[in-house]
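Below is one structure, written out as structure tokens; comments come after it.
The values are calculated or read from the model by the stated rules, or taken from the named source; none is laboratory data. Just so you know, these numbers come straight off a predicted model, no measurement behind them. Here the Cβ positions follow ideal geometry from the backbone for every residue, glycine too, while neighbour counts run over all protein chains shown. Areas reflect the complete protein model, heavy atoms only, side chains present, ligands, DNA and RNA absent. Shrake-Rupley method; radii C 1.70, N 1.55, O 1.52, S 1.80 Å.
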Amino acid sequence: MRIRLTRILAAVKGNSQIITIKDIARKFKCSPSTVSRALNDNPVINEETRKTIQEYAERMGYQRNIISLSLLNKSSKTLGVILPNINHFHESSMLEGLQSTFQPLGYLLNICVTNESYELEKQYIERLLANRVDGIFLSISQETYDGGHYEHIEKVIRRDIPLVYIDRKYDAALANGVIVDDYDGAFMATQHLIEIGCKRIAHLRGPKGLTVSEYRFNGYRDCLLKHNLPVEETLVCTTNFEVESAIEPTKYLLDLPERPDAIFGVNDHVCIGAMSVIRERNLHIPQEIALVGFDDSPIAQYFCPPLSSVQRQSRQIGLEASELLLGQLNNKVLDSKVLSSKLVIRESSRR
């Protein structure tokens, strides 16, 4: 048994060596260029020879050197996609839009998740550039915004690598991108709450400095001012887009001497956290406190009660961003796009 295992391991070790075009050329006593043509199905090489070489290469585990091919063809057929996270429906839908465009064209998407880290974002860009990607999609991390360090992004632009920002943007960058009209969506959500009679509307806002957070806060604030309602600092609490981050802020809001009669959440996830606290306090939604979220994720309609939410065209962001990058690859300069948002009203704010 031990002898048999030793033989198997020796065979595996023997076959683990990377086979090259030169190795195949030696096997068939021909030039490497002949092997290359045969592997690329060049009709210059007769069909029988092509088939023989291709079958041998496959049997021996030959793999093409992608980096060498990218140097030769000036295209690696790979793209980088850098996202802060992929935990939410919004990000996965954007990816679906990108994939549906580029997969049929033979591109490979390298998905990089920064977890809101500037250092990771910087490292990913360095590695993607080193791997000679044809272009990069970027949704900027929170730490990059906080620190104001954009030299890694400017390096991409200086290298003349096509760059398209998605969802979050860097205003100073000479790059185009696709975002949703977060301001208008927040304005609509706040106005809806006012129209159903709410006077003290709280806001669970996203991290300060992030464009999506700022636009949604500005939409909320400006709508209150338009309707002559005060913008009270005590009614605005910061979260980080996750369920847990809304728990303590909601408890704080409900403990105020005069609690809010509505909450507008920066996304649907913080509304989940808010709902759990509201139910613990035995308050009724929407009779005593109404709720509106942002993103209109698939689970929003299954909340108890179903959640009103601002719908983002998440998959469309990916599709539109794909068109922008394809334009750059074909030396066409296309304008950035701002997609409209839509308020979907459900039981959480239907009085």
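Remarks
- Solvent accessible area, Å² - R221, 1.4 Å probe, full protein context: 80 Å²
- Here r is the Cβ-Cβ distance between N282 and Q103 and R0 is 56 Å; the resulting FRET efficiency, rounded to 0.05, is 0.65.
- The length gained by stretching the chain between E244 and E151 to full extension, at 0.36 nm per residue less their Cα-Cα distance, is 30.2 nm.
- Estimated FRET transfer efficiency (L229, S75; beta-carbon r; R0 56 Å; 0.05): 0.50
- Sequence-distant lysines (8 or more away, or on other chains) whose Cα lies within less than 17 Å of K77: none
- Apportionment of accessible area to carbon and sulfur, the chain, percent (1.4 Å): 51 percent
- Computed lengthening from E58 to E119, 0.36 nm per intervening residue step minus Cα-Cα distance: 17.9 nm
- Lysine pairs within segment 163-313, Cα separation less than 26 Å, 8 or more sequence positions apart or different chains: 6
- Computed E for R259/K337 - FRET, C-beta separation, R0 30 angstrom, nearest 0.05: 0.15
- Reported to the nearest whole Å, the Cα centre-to-centre distance from segment 152-222 to segment 28-49 is 55.
- The convex hull of the Cα atoms of segment 128-220, projected and averaged over all directions, covers 6.8 nm².
- For segment 75-157, alpha-carbon Rg over 2.2 N^0.38 Å: 1.08
- Proximal charge balance of K342 [Cβ under 11 Å; K/R count +1, D/E count -1]: -2
- Ordered by solvent-accessible area of protein heavy atoms (1.4 Å probe), largest first, the residues M94, M60 come out as M60, M94.
- Charged neighbours of S139, selected by a Cβ distance under 11 Å, balance to -2 (K, R count +1; D, E count -1).
- Between helix 89-102 and the chain: long-axis angle, C-alpha atoms, 0 to 90°, nearest 10: 30 degrees
- Surface accessible to a 1.4 Å probe, per residue, for the residues of the chain, Å²: 52 Å²
- Across the alpha-carbon atoms of the chain, the computed radius of gyration and Dmax are 27.1, 89 angstrom.
- Once the Cα-Cα distance is subtracted from the 0.36 nm per residue extended length, the Q191 to K208 segment shows a gain of 3.9 nm.
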